Amino acid sequence: MEDVLSRVQKAFESAFHIDPQTVTIDSSPDDISAWDSMGHVELASSLERTFGLTFDVDDLMEMENVKEILRIVQSKLEKVPSATIP
Amino acid sequence: MQRSPEFNFAGRLLQRLGEKSALIDAATGRVFSGQDLPDLVVGFAAGFLSIGLQARDRVLISCGLRPPSTLAYLGAVYAGIVPVLVDERALAMSGEALFTKAGAKAVWIGEGVRCDWARNQNVPVLAGGFDPCPVHSLQPAPCTDGDLAVLMPTSGSTGSPRLVMVSHGNLRANTEAIIRSQHLGTDERAMLIMPVSYCFGASVVHTHLYQGGGVVFDSRFMFSDKVLHSINTYGCTTFAGVPAVYNILLRRSNIRSIPLPGLRRFLQAGGALAPESIREIQRVVPTAEFFVMYGQTEATARISCLPPDRLGDKAGSAGLPLENLVVRIVDDEGRELPEGEIGENQVRGPSVCSGYFDDPEATARKFADGWLKTGDFACRDHDGYLWIKGRGDEFIKMRGIRVSFAEVEAKVAATPGVDECAAAAVPHPEAGEALVLYVVTGDGESGVVERIRHAFPPQWTCASIRVVAELPKTVNGKISRPQLRTLA
């Protein structure tokens, strides 16, 4: 399975049409101009599709940067039985 | 009319600042107090003049969700230099076209903002701030009511940007009329998540400062709860947003569990918000009034306002024209139509702008004999309330009958399980045109498509219904019709 960061990068690519390599573990909305309020909703949908997860409002509020996104995605993936990971 | 400093809108704003005035950056907690604001604005005015800019020269101002953009904008107006406002998020993509269109001489950007095209072409780029300058050391540039104050970008239906010429008199007339329509007091503070390059955002800044109040900018609406907490932290009394913002608050925030006791009013403009969503916001925050407004950049900002006490019996209406405006509904030949009949909405009054900068053809199409041809189709009821039916280019003709996308979208959005809907037209062999619907559904909803089809009026033809994760939106949060077409 690809590592989580590269799948997160792909979710960014699909949400914002940007080069996935520009997304690093240190990226935040300050670095990615399309990551605004509307963009955040698109990004969450893109991450949901990529990982087959659903996020609640509190998850969205905590996704302040890529590091936090990785933390939230990883903790959710751990709770999901591996058979359901697409 | 004699040119005089008293007609300078920025000069007038500074005179009216009070103890409650402030510009605040919620993301950093930085406060620019009312006491300091005049010297800071005049610092920008003196700074622009010191680099050789003169009255009537244009300067591109990059507008982010932080106070310095407003200081730079007002500083230019104070000096008689014409700011060309551009959304910071659009600076890289359309900044150069606006710069060229305006014949601007320099670009101002906030700290940490990049502007590669300007640097590559040796355009003077001013970054960050200027030292404050005592307000008494520099008078506001003398002007008349009709003198150009600011150029506001607006995207025409063709997609090419245009610059609306907004005069000092336009700004004052619209600001004063909006203040009265919203009963703004002298102790108000607005939470603003839109930049001043969008006329709605600018109008919130103007009205609140003009009344001696303040504005809090918050760039973190992607984490919408932070903005809700900031409203409480900074004692905001006004919140302003486009329909998408209210949909995010209802669907993607904890507004139901974060009380907003100090908030007095919600302002909503920039398209139609479903009446059910307005009712839901009112249920959640019953202590705040909800103002629906309608406007256009070509009319400075706002044209009409629905009084909150008429939300019940006039839900879906754009309200009454502001007190200093005259509105008429005309047919294709320009004949005024009686109440109830749908035609083009035209507006006249002191906040209607004089035209587009360096674009006589577009100006002639949109402005004639003092009337602004809004391009919006509307009717008025027997009480004089305006009902916007859609834009001229936002109709579908099915079986010979014109139906606005807005009407279709409202009908579909009222279906249980549907959060948002956007409609587009495709050619159809029998109906002429048929609808394609893009719908965003609630979590775990099934059978939504069936329910939509079931509730569909028989005279409407639907080619397909597609469930999508999100609708394409413009930077200002409106449904992007051109992008929607690429989905079709």
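Every number in this text was worked out from the coordinates using simple rules, so none of it is lab data. Quick caveat, the model's predicted, so the values are computed rather than measured. Quick reminder, even Gly has a Cβ in these numbers, built from the backbone with ideal geometry, and neighbours come from all protein chains shown.
From the Cα gyration tensor of chain B, with a ≥ b ≥ c the square roots of its eigenvalues, which class applies: rounded if a/c is under 1.5, or else prolate if a/b is larger than b/c, or else oblate?
Prolate, because a/c is 1.5 or more and a/b exceeds b/c.
On a 0 to 90 degree scale, rounded to 10, what angle separates helix B:199-210 from the longest Cα axis of chain B?
Orientation of helix B:199-210: about 50 degrees from the principal axis.
Can you find, among B:L184, B:V245, B:G262, the residue farthest towards the positive end of the dipole of the protein assembly as shown? Put +1 on the C-beta of Lys and Arg, -1 on that of Asp and Glu.
Highest projection toward the positive end goes to B:L184.
Dipole of the protein assembly as shown (Lys/Arg Cβ +1, Asp/Glu Cβ -1, origin at the Cα centre): which of B:L151, A:F12, B:L372 lies farthest to the positive side?
The listed residue farthest towards the positive side: B:L372.
Once both labels are modelled 7 Å past Cα along the beta-carbon direction, what's the B:R365-B:Q2 spacing in nm?
About 4.3 nm separates the two model spin labels.
Could you derive backbone 3J(HN,Hα) for the range B:265-282 from the dihedral phi with the Karplus parameters 6.51, -1.76 and 1.60 (θ = phi - 60°), listing whole Hz in sequence and x where the residue is Gly or Pro?
Calculated HN-Hα couplings, in order: 8, 9, 10, 9, 8, x, x, 8, 9, 4, x, 5, 5, 4, 4, 5, 4, 5 Hz.
Only four residue types carry charge here, +1 at the Cβ of Lys and Arg and -1 at the Cβ of Asp and Glu. Report the dipole size of the protein assembly as shown about the Cα centre in Debye, rounded to the nearest 20.
460 debye
Quick check for me: using +1 on Lys/Arg Cβ and -1 on Asp/Glu Cβ, what's the dipole size of the range B:79-135 about its Cα centre, in debye to the nearest 20?
That gives the range B:79-135 a dipole magnitude of about 180 debye.
Report, in whole Å, the centroid distance computed from the Cα atoms of the range B:304-348 and the range B:353-392.
11 Å
With a/c under 1.5 counting as rounded, go ahead and sort the range B:113-231 into rounded, prolate or oblate using the C-alpha gyration tensor (a ≥ b ≥ c being the square roots of the eigenvalues; past the cut-off, prolate if a/b is larger than b/c, else oblate).
Taking the square roots of the gyration eigenvalues as a ≥ b ≥ c, the range B:113-231 is rounded.
Given labels modelled 7 Å from the Cα in the Cβ direction, how far is it in nm from B:E445 to B:V467?
Taking the two extended label points, one gets 0.9 nm.
Let a ≥ b ≥ c be the square roots of the eigenvalues of the Cα gyration tensor of the protein assembly as shown; is it rounded (a/c under 1.5), or, if not, prolate (a/b larger than b/c) or oblate?
Numbers: a/c = 1.61, a/b = 1.18, b/c = 1.37.
Oblate is the answer for the protein assembly as shown, as a/c is 1.5 or above yet b/c matches or exceeds a/b.
Roughly speaking, what is the centre-to-centre gap between the range B:159-224 and the range B:96-115 when only Cα atoms are used, to the nearest Å?
Each part's Cα centre sits 22 Å from the other's.
Scan chain B and hand back the longest stretch that contains none of the GluC sites (Glu not before Pro) lying in DSSP loops with at most 10 other Cβ atoms within 10 Å.
After excluding every exposed loop site, the longest remaining stretch is B:112-332.
Do any trypsin sites (Lys or Arg not before Pro) in the range B:69-121 lie in a DSSP loop with no more than 15 other beta carbon atoms within 10 Å, and if so, which?
Sparse-neighbourhood loop trypsin sites (Lys or Arg not before Pro): B:R114.
Dipole magnitude of the range B:394-487 about its Cα centre, charges +1 at Lys/Arg Cβ and -1 at Asp/Glu Cβ only, in debye to the nearest 20? Each step should come with its number before you reach the end.
On the way: 11 positive and 11 negative charges, 70 e Å.
Using Cβ point charges on Lys, Arg, Asp and Glu, the range B:394-487 gives about 340 debye.
Which of A:K10/B:K478; B:K411/B:K473; A:K67/B:K226; B:K105/B:K478; B:K101/B:K478 have a Cα-Cα distance over 22 Å?
A:K10/B:K478; B:K105/B:K478; B:K101/B:K478
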